[in-house]
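Here is the structure we will look at.
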Amino acid sequence: MKNSIRIVGCRAGSPMYNQPASGTLLHTQAGSILFDCGPGVLVSLTDEEVADLRAVVITHRHADHCLDLMALAYRLLFPEPNQPIPLFGPPSIKGMLDGFDTLFGIPSLPTLHHPIAMAFSFNPVIPGQEFTIDNFGVFSTTLMHHPIETMAVKSLDYRFVLTSDGAYTEPLQAFCDGCDILISEATYPDYVGRHIEAHGHMTAMQCGILAERAGVQRLIVSHLSDPADSAQTMQIVGQHFSGEALLGVPGLILPC
C-alpha cells in the first residue's frame, strides 16, 4: 500500500446524506491513523480500515469531530475485543471520554463496561507539544483560536497539516509553512453576517491566504458549513492561492 491521505468526511456541524462530519485517514504500510471521528465516519470506514487502525487523534471535543468515537469503541470491542490502541488529544477531552463511558458502558458485557477506556489508551497532548506514534514518526501541534481547546496537527514525516477548526492567526501561518499538503477549514465563504473571530473559523479568503503564504503544493478545502457554498468558496480560494486547490469531499485520496 502506498502512503496516502483519505478524506473520510469533512462536513461542518453535522453529517448529511453521504457526507460524514470530520474524519481524515492516513494510510501507510505501517497501518493507519484516524484524525477526528465525527458522526458518520465509522460507517464510511471499511472493515479492513478499522482492522488496520494503529492510532486515533481527536483535535477537540466538538461533536462533529468526535461523536463517532463511542461507536468506534463498540466496533473495536464487540463481538471480540481488540487490543487497546493509542488515542491522542488535548487534555480537555478527558472529561468527555469519561462521560462517554459513564453514559454508554454496558454492565452486562465485561468487554463493554467502560468502552472508551477498554478500546483506547489515552495520551494527552498539550497543544504546542510534539508527540510520537510508533512506526509513524513525530507529529507537532499548535493551539487553534477556537472557543474550546483545539489543536492543529502536522506530520513531520508525511509533510501535511490538518488545521481542524480555528480562525486565521500568525502562529497558525508559521505552523503551516513548508508543508506539502494543507487540509484547511474554510467554514464560511465570506464574513457577511458571521462572527468569524468569536466563532473561531476561517473564510475562503483566509484559507487561500494561509495556503499561499505557507507555500504549500496542494490545498484541500474542508469543513464547509453549507455544501451549496462550494463553488463560491473555491472561486474565492483560487483568487488568493496560486497552487492546486481541491474541494475536500468524502473519498478524496491524495498520495503523501
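Of the strands (runs of 3 or more DSSP E) entirely within the range 173-256, none holds at least 3 residues that are within 17 Å of the chain's Cα centre (by Cα) and among the polar types (S, T, N, Q). Here the strands (runs of 3 or more DSSP E) wholly within the range 1-49 that include at least 3 residues being under 16 Å from the mean Cα position of the chain (by Cα) and among the aliphatic types (A, V, I, L, M) are 4-9.
Within the range 50-75, the set of residues being over 20 Å from P91 (Cβ atoms) and either modelled with pLDDT under 95 or in a helix (DSSP H, G or I) (or both) comprises V50, A51, D64, A71, L72, Y74, R75.
In the range 172-189, what count of residues is obtained for those that are in contact with a Ser or Thr (Cβ under 6 Å, 6 or more places away or on another chain) and either of a type in the set (A, V, I, L, M) or loosely packed, with under 15 Cβ neighbours inside 10 Å (or both)? Looking only at that region, the number is 2.
Every residue, every condition in (1) at pLDDT below 95; (2) surrounded by 24 or more Cβ atoms within 10 Å (Cβ to Cβ); (3) among the charged types (D, E, K, R), yes or no:
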| position | (1), (2), (3) |
| --- | --- |
| H199 | yes, no, no |
| E212 | no, no, yes |
| I220 | no, yes, no |
| H240 | no, no, no |
| P250 | no, no, no |
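Taking the stated definitions as given, is S92 in a helix (DSSP H, G or I) and not hydrophobic (A, V, I, L, M, F, W, C)? So S92 fits the description; yes. Restricting attention to the range 124-136, does a residue exist that is free of Cβ contacts under 8 Å to residues at least 40 places away in the same chain, assigned to a loop (DSSP other than H, G, I, E, B), touching a helix residue (DSSP H, G or I) at 6+ places or on another chain (Cβ under 7 Å) and surrounded by fewer than 24 Cβ atoms within 10 Å (Cβ to Cβ)? Yes, there is a match, as at least one residue in the range 124-136 is free of Cβ contacts under 8 Å to residues at least 40 places away in the same chain, assigned to a loop (DSSP other than H, G, I, E, B), touching a helix residue (DSSP H, G or I) at 6+ places or on another chain (Cβ under 7 Å) and surrounded by fewer than 24 Cβ atoms within 10 Å (Cβ to Cβ).
Among the residues of the range 46-89, those that are among the β-branched types (V, I, T) and either over 19 Å from T28 (Cβ atoms) or in contact (Cβ under 8 Å) with a residue 12 or more places away in the chain (or both) comprise V50, V56, V57, I58, T59, I85. Applying the condition of being in contact (Cβ under 8 Å) with a residue 60 or more places away in the chain and buried (at least 24 other Cβ atoms within 10 Å of the Cβ) to the range 27-45 and asking which residue is farthest from L254 (Cα to Cα) yields D36.
The values are calculated or read from the model by the stated rules, or taken from the named source; none is laboratory data. Keep in mind the model is a prediction, meaning the values are calculated, not measured. Methodologically, a virtual Cβ is constructed for each residue, glycine included, from the backbone with ideal geometry; neighbour enumeration extends over all protein chains shown.
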